[in-house]
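First up is the structure itself, then whatever we jot down about it.
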Amino acid sequence: MEKANVMESGILWREEVQWVHDNEYPDVELSHMYADNGAMQLVRNPRQFDVIVTDNLFGDILSDAAAMLTGSLGMLPSASLGAPMANGRPKALYEPVHGSAPDIAGQGKANPIACILSFAMALRYSFGEGQAADDLEAAVEKVLADGVRTADLMGPEGGSPVSTSQMGDKIVAALAAS
């Protein structure tokens, strides 16, 4: 996704993505979309996307829009995967989509799930520990299915939100019980 219709950088992005596709991944389906339409499509029908390739600016905007499909920015892990190293695994950076949330630092309000799921991605892609990643993801799913919520996930029915550390403790307990 880019804005090749109004930005020269979007034209370059589209050309480079097309070149990489044609020369390195011709077996992967590729379609181009303007980022504003992509945002609308993401909200309208998110299942149509497997992977979205875009630059940092549009990625930041689109990930925030996508976050609301899950209920909160605190739910979204991310991975920036680079070229494979000698061991065959990619150079990588894993982080929550939301960043560090300095405005709520030290208050016990942050949802740790995106950070935990980012670690699960690291287990899978950088450390070759797919089963451990599956187990960690299942523990998160179990805790959420049990109705445990941080403040950012509280619905209109109310309830008592758990703190950052309480959510982490619940996930550790679910992992240990599996």
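Figures for the structure shown
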{"read-out": "Around Lys142: net Lys/Arg minus Asp/Glu count, Cβ-Cβ under 15 Å", "value": "-4"}
{"read-out": "When the chain is reduced to its Cα atoms, the Kirkwood hydrodynamic radius in Å", "value": "18.2 Å"}
{"read-out": "Cα lying deepest toward the dipole's positive end in the chain, options Val6, Leu57, Leu153, charges on Cβ", "value": "Leu153"}
{"read-out": "Anchor Lys109: aspartates and glutamates whose Cα lies under 16 Å away (excluding residues fewer than 8 positions away in-chain)", "value": "Asp152, Asp169"}
{"read-out": "Within a Gaussian network of the chain (alpha carbon springs, distance under 10 Å), most fluctuating of Ala145, Ala110, Ala86", "value": "Ala86"}
{"read-out": "Filtered GluC sites (Glu not before Pro), the range 1-60: DSSP coil and at most 13 other beta carbons within 10 Å", "value": "Glu29"}
{"read-out": "Net charge dipole size for the chain [Lys, Arg +1 and Asp, Glu -1 on Cβ; Debye, nearest 20]", "value": "480 debye"}
{"read-out": "Sorted largest first, extent of the range 121-172 alpha carbons per principal axis (Å)", "value": "40, 18, 15"}
{"read-out": "Rounded to 5, the percent of DSSP beta bridges in the chain classed as antiparallel", "value": "75 percent"}
{"read-out": "Chymotrypsin sites (Phe, Trp or Tyr not before Pro) restricted to the range 19-106 and DSSP loop, no more than 15 other C-beta within 10 Å", "value": "Phe49"}
{"read-out": "Helix-only [θ]222 nm of the chain, DSSP H runs n ≥ 4, -39500 (n - 2.57) each, per residue, nearest 500", "value": "-15500 deg cm²/dmol"}
{"read-out": "Kirkwood-type radius of the range 91-178, with distances r between different C-alpha atoms, in Å", "value": "13.8 Å"}
{"read-out": "Lys109 long-range amide H proximity, modeled H, under 5 Å", "value": "Thr164"}
{"read-out": "Descending semi-axes in Å of the range 49-88, equivalent ellipsoid built from Cα gyration tensor", "value": "24, 12, 9"}
{"read-out": "Within the range 73-178, GluC sites (Glu not before Pro) in DSSP loop having at most 15 other beta-carbon neighbours inside 10 Å", "value": "Glu129, Glu157"}
{"read-out": "Listed residues Pro84, Ala120, Met33: farthest to the positive end of the dipole of the chain (Cβ charges)", "value": "Ala120"}
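Just so you know, all these numbers are worked out from the coordinates, no wet-lab data involved. Fair warning: this is a prediction, and the values are worked out from it, not measured in the lab. Here Cβ is always computed from backbone atoms with ideal geometry, including for glycine, and neighbour counts include all displayed protein chains.
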